[in-house]
Amino acid sequence: MLYSLGRYILLLRLSFKKPEKFSVYWSEVMREMVSIGIGSLGIVAIISVFIGAVATIQTAFQLVSDFIPKTIVGTITRDSTILEFSPTISALVLAGRVGSSIASQIGTMRVTEQIDALEIMGVNAPGYLISPKIIGGITMIPLLTVLSICLGLAGGYIACAASNEVSTAQYLEGLTSGFKTIILQVSMVKAFFFGFIITSVCAYQGFYTSGGALEVGQSATKGVVFSCIYILFADLIISRIML
Amino acid sequence: MIETINIHKTFGDNYVLKGIDVELKAGRNNLIIGGSGSGKTTLLKCIVGLHKPEEGEVIYDGQNFTQMDFEERVPIRKQIGMLFQSSALFDSMTVQDNIIFPLNLFTTMSKKEKIERANFCLERVNLAGKNKLFPAELSGGMKKRVGIARAISMQPKYLFVDEPNSGLDPKTSILIDELIAEITEEYQTTTVIVTHDMNSVMGIGDHIIFLHNGQKWWEGSNKQIAHTNNKELNDFVFASKFMQAAREKL
């Protein structure tokens with residue numbers, strides 16, 4: 001455990017050493033941002049709309065009472081979407097989509113000697129391979145979370161429009177009442193750390209792959225599993241500290 | 001010239017290299033041969049710095065490579081070209097991008113100059129016009145040739161080749177061997193080839209080092225190899241009936 005932690009920290013240190021040529025690294029960062037951001041738009045959009053809609057329906061179902069204003073459904077959906085559903089569930093899904101891709105890509109490069117080839121050329125392989133992915137993750141995952149929040153709330157609106165439980169006017173009133181900016185800040189901090197966890201943990205698993213195709217698959221699985229566990233752990237810590 | 005002094009390397013309980021001393025001279029095809037598990041690839045990886053030996057030193061033209069850290073090694077690494085057993089081409093890049101990759105990172109050449117250099121390297125390995133193909137679209141022999149083109153793109157002083165003939169048909173193997181030998185002569189590189197291909201040994205082996213059980217067992221040229229009395233070497237080189245018959249004619 002301590003050995004792995006030490007190796008992980010050393011790998012991160014190597015990843016953020018001064019690049020050989022900034023322009024080459026910059027184009028890699030752009031490529032990773034497109035891959036992580038644009039590549040994940042579809043899956044994030046789909047899950048966000050459904051989660052927002054389901055959250056609204058279930059909240060409305062549980063709060064059937066004459067003593068509770070219907071606008072509360074919008075407020076609860078908003079807070080739970082911003083605080084938990086969008087950053088955490090999106091991150092868990094992205095760990096599967098982005099994380100497994102990072103671990104298997106770097107793992108394949110390791111077992112096919114492509115990383116050795118980089119090192120022979122004098123390229124800082126962790127810097128070239130890992131830092132653009134981490135930068136891509138910590139920038140694009142918060143942006144995807146913002147999109148997820150918007151679509152989740154839109155999903156709630158669609159659910160209200162499609163049912164008679166809560167009117168869209170009540171939903172919108174609930175959405176806009178008593179909003180505290182801290183929940184958005186917490187959400188963004190979570191997304192930033194989740195982006196870091198997904199990219200760095202999966203890159204670590206891929207970088208230290210040894211063997212062949214079987215081990216590449218195992219590294220990808222390990223990367224996703226560990227990322228998910230660390231995401232949930234970080235979720236707890238950030239919520240405890242910031243709320 | 002590259003020199004190794006008393007190189008020892010272990011992997012757990014497996015003692016792979018037991019004090020290897022070799023001198024690898026410029027402008028010659030230095031072949032490291034030996035059976036499977038004899039330590040030849042490990043020795044190559046110790047020389048290029050992919051493995052750290054427990055003991056011993058690797059000297060590149062008077063500079064102690066073993067004692068250098070990553071940053072200090074970069075100037076020497078820029079003079080190294082290596083062809084890997086699997087070619088190790090970057091899958092996500094085209095042939096041209098593979099070749100200009102080190103030029104992008106370590107030179108101030110313009111885009112036009114880099115493309116001209118890539119074209120020159122591809123012509124040198126008889127692959128002119130294949131710039132836009134991806135590694136997945138190439139045959140094994142073509143991958144090796146692109147690997148060589150990438151290795152020579154920075155005009156290396158030291159050329160390392162790991163099992164250049166593995167997975168290739170005999171005709172392509174000979175073409176690759178001839179290409180490496182031509183490049184060695186043309187650029188006067190210190191070329192180190194790890195192989196167990198007997199055609200390579202007899203064809204281009206100016207300087208042969210035979211490893212056995214992690215030790216340097218024999219050293220000489222392809223002209224001397226046919227007349228040696230070294231039992232282990234004879235068992236290795238003349239294992240096949242074809243080679244035994246060829247030896248009798250020598």
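FYI, it's all coordinate maths here, none of it is from the lab. Owing to the predicted nature of the structure, the values given are computational and were not obtained by experimental measurement. Counting neighbours? That spans all protein chains shown, and the Cβs are built from the backbone with ideal geometry, glycine included.
Think of the protein assembly as shown as having a plus end and a minus end, set by charges on the Cβ of Lys, Arg, Asp and Glu; of A:37, A:139, A:168, A:168 sits farthest toward the positive end of this dipole. Cβ-Cβ distance of residue B:55 and residue B:244, R₀ of 35 Å, FRET efficiency by 1/(1 + (r/R0)^6): the value works out to about 0.35. Between the listed residues A:10, B:29, A:203, the Cα displaced farthest toward the positive end of the dipole of the protein assembly as shown, a dipole computed from Cβ unit charges relative to the Cα centre, is found at A:203. Ellipsoid fit via the Cα gyration tensor, chain B: semi-axes of 30, 23, 15 Å, each the root of five times an eigenvalue, largest first.
Arranged from fewest to most other beta-carbon atoms within 10 Å of their beta carbon, A:78, B:124 become B:124, A:78.
Summary of the geometry: the stretch A:146-210 and the stretch A:211-243, compared by the centres of their Cα atoms, lie 19 Å apart. Amide H to amide H distances under 5 Å link residue B:160 with B:81, B:82, B:83, B:192, where only residues 5 or more positions off or on other chains count and H is placed in the peptide plane. Between amide H atoms placed 1.01 Å from N, distances below 5 Å from residue B:216 occur with B:21, all of them 5 or more places distant or on a separate chain. Each Lys and Arg contributes +1 and each Asp and Glu -1, all at the Cβ; summed about the Cα centre of the protein assembly as shown, the dipole is approximately 500 debye. For the protein assembly as shown, the fraction of C-alpha pairs more than 42 angstrom apart is 34%.
Kindly point out which whole DSSP H helices in chain A project their C-alpha atoms 15 angstrom or further along the helix axis while averaging a Kyte-Doolittle hydropathy of 1.0 or above. Within chain A the helices that satisfy the rule are A:39-62, A:131-162, A:181-207, A:213-242.
Using the Cβ-Cβ distance between residue B:199 and residue A:10 with R0 set to 35 Å, the FRET efficiency from 1/(1 + (r/R0)^6) comes to roughly 0.20. Taking 7 Å steps out from each Cα toward its Cβ at residue A:214 and residue B:185 produces label points 4.7 nm apart. Residues A:239, A:35, arranged from fewest to most other Cβ atoms within 10 angstrom of their Cβ, appear as A:239, A:35. Cross-linked pairs B:130/B:157; A:18/A:222; B:132/B:216; B:157/B:241; B:216/B:241: Cα-Cα separations exceed 32 Å for B:132/B:216; B:157/B:241.
Per-residue 3J(HN,Hα) values for the stretch B:54-69, derived from phi via the Karplus relation 6.51 cos²θ - 1.76 cosθ + 1.60 with θ = phi - 60°, read 5, 8, x, 9, 10, 10, 9, 6, x, 9, 6, 5, 4, 8, 7, 8 Hz in sequence order (x marks Gly and Pro). In chain B, helices alone account for a calculated mean residue ellipticity at 222 nm of -12000 deg cm²/dmol, with every DSSP H run of four or more residues adding -39,500 (n - 2.57). Using the Cβ-Cβ distance between residue B:10 and residue A:176 with R0 = 51 Å, the FRET efficiency computed as 1/(1 + (r/R0)^6) comes to roughly 0.15.
Taking amide H positions as modeled 1.01 Å from N, with prolines and chain starts lacking one, the residues under 5 Å from residue B:27 and 5 or more places away or on another chain are B:189, B:190, B:191. Each helix, a run of at least 4 DSSP H residues, gives -39500 (n - 2.57); summed and divided by the residues of chain A, these come to -25500 deg cm²/dmol at 222 nm.
Neighbour counts of C-beta atoms inside 10 Å place B:93, A:121 in the sequence B:93, A:121, starting with the fewest. Net charge of the neighbourhood of residue A:232, taken over other residues with C-beta under 14 Å away and scored Lys/Arg +1, Asp/Glu -1, is 0.
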